[in-house]
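Only one structure is covered here, and it is reproduced in the block below.
FYI, it's all coordinate maths here, none of it is from the lab. It should be emphasised that the depicted structure is a prediction, and the values quoted were computed from it without experimental measurement. Here the Cβ positions follow ideal geometry from the backbone for every residue, glycine too, while neighbour counts run over all protein chains shown.
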Amino acid sequence: MAKLELQELTGITVEDLMIESEKVAHVQLNNPLEHALLVLVKSGYSVIPVLDHTYRLQGMISKTAILNEVLGMERFEMEKLSEIKVSETMLLDVPVLKKSDSFLTALKAVVNHAFLCVLDEEGYFEGILTRRAILKKMNRYLHEQVHYHPTGDKTNV
Ligand code: 2BA
């Protein structure tokens, strides 16, 4: 594999690294929390996107928020899971990116967020960009720098 140069790294866009929407676990606005918890547990993720029926992003739902919702004074009131909708419990303030955003924009964003939703101009969901995808690219670039400049020549870093 050819060495990854700095210009190539900074020239990478969100589109090059994102996970396409078909592969992203998600739930719908009017799903009951029971369904959302099932998807979260089965997929293994802690937070996933919430979409409406037209595939527009509406929020995010987490295992923690669901468990908080059903936490009673003395026990988890699991019967509530079928009564409450995702729309009542989801997080509304969702960080987003565009496909055309640069690697550096994405790098800054994943400092504070494990993943970001990627939307088109009209708010339709196109996929997600994860912290893992960004770190993987950074890891490759930095290791190649060390490999090609083992004596600490920092001219290309
Ligand atoms: P978390 O679910 O908190 O997962 C944190 C990290 O743990 C993930 O980092 C990944 O490295 C690992 N991990 C968790 N569940 C996994 C699974 N089922 N298969 C493989 N690895 C798993 P990232 O890959 O950077 O993902 C960051 C966040 O993006 C995840 O946080 C999750 O909220 C979301 N995410 C990632 N891929 C997703 C997908 N296909 N569908 C929905 N959400 C996804």
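State whether the chain is rounded, prolate or oblate according to the following rule on the C-alpha gyration tensor (a ≥ b ≥ c being the square roots of its eigenvalues): a/c under 1.5 gives rounded; otherwise a/b larger than b/c gives prolate, and the remaining case gives oblate.
Numbers: a/c = 3.41, a/b = 2.18, b/c = 1.56.
Prolate, because a/c is 1.5 or more and a/b exceeds b/c.
May I have the count of lysine pairs in the chain with C-alpha atoms under 16 Å apart, counting pairs 8 or more residues apart or located on different chains?
11
In the chain, if the dipole is taken from +1 on Lys/Arg beta carbons and -1 on Asp/Glu beta carbons about the Cα centre, which of L17, L104, V146 is farthest to the positive end?
V146
Where nothing but the Cβ of Lys and Arg (+1) and of Asp and Glu (-1) is charged, how large is the charge dipole of the stretch 1-90 around its Cα centre, in debye to the nearest 20? Show your work: numbers first, answer last.
Details: 8 positive and 14 negative charges, 31 e Å.
The dipole magnitude comes to about 140 debye.
Quick one: longest stretch of the chain between exposed loop trypsin sites (Lys or Arg not before Pro), exposed meaning at most 11 other C-beta atoms within 10 Å and loop per DSSP?
On the way: sites that count: R75, K154.
Value returned for the longest uninterrupted segment is 76-153.
What is the dipole size for the chain, taken about its Cα centre, with +1 at each Lys and Arg Cβ and -1 at each Asp and Glu Cβ, in debye to the nearest 20?
On the way: 17 positive and 22 negative charges, 129 e Å.
In total the dipole reaches around 620 debye.
Considering the stretch 71-157, what Rg and Dmax in Å follow from its alpha-carbon atoms?
Rg and Dmax of the stretch 71-157, Cα atoms, are 20.5, 63 Å.
Expected output is a single nm value to one decimal: the length gained when fully extending between L67 and K136, i.e. 0.36 nm times separation in residues minus the C-alpha distance. What is it? Don't skip to the end; give the middle numbers.
Values: separation 69, 0.36 × 69 = 24.84 nm, distance 3.19 nm.
Additional length available on full extension: 21.6 nm.
With a cut-off of at most 12 other beta carbons within 10 Å, and DSSP calling the residue loop, which GluC sites (Glu not before Pro) in the stretch 28-132 qualify? Please list them.
Values: sites: E34, E69, E74, E77, E79, E83, E88, E121, E122, E126; in loops: E74, E77, E83, E121, E122.
Answer by residue number: E74, E83, E121, E122.
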